[in-house]
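Below you'll find the structure, written out as structure tokens, and then a few comments.
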Amino acid sequence: MDFQAPNTLAEQITNYMAERIMTGQIRPGERIQEPGWPVS
């Protein structure tokens, strides 16, 4: 049995975003904004 450290938060976010891009949930060139943050 090998010990494997859990993914870092950055890796989890990268995997989540990559999955959304590959499945077409995020279109090319679409802006990604954090909800509730002001737009400048």
Residues of the range 1-18 that turn out to be under 8 Å from the mean Cα position of the chain (by Cα) and either under 17 Å from Q33 (Cα atoms) or aromatic (F, W, Y) (or both), as a count: 5
The chain - residue that is at pLDDT below 85 and acidic (D, E) and, of those, surrounded by the most Cβ atoms within 10 Å (Cβ to Cβ): E34
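The values are calculated or read from the model by the stated rules, or taken from the named source; none is laboratory data. None of these values were measured; they are calculated from a predicted model. Note: ideal-geometry Cβ built from the backbone for every residue, glycine included; neighbour counts use all protein chains shown.
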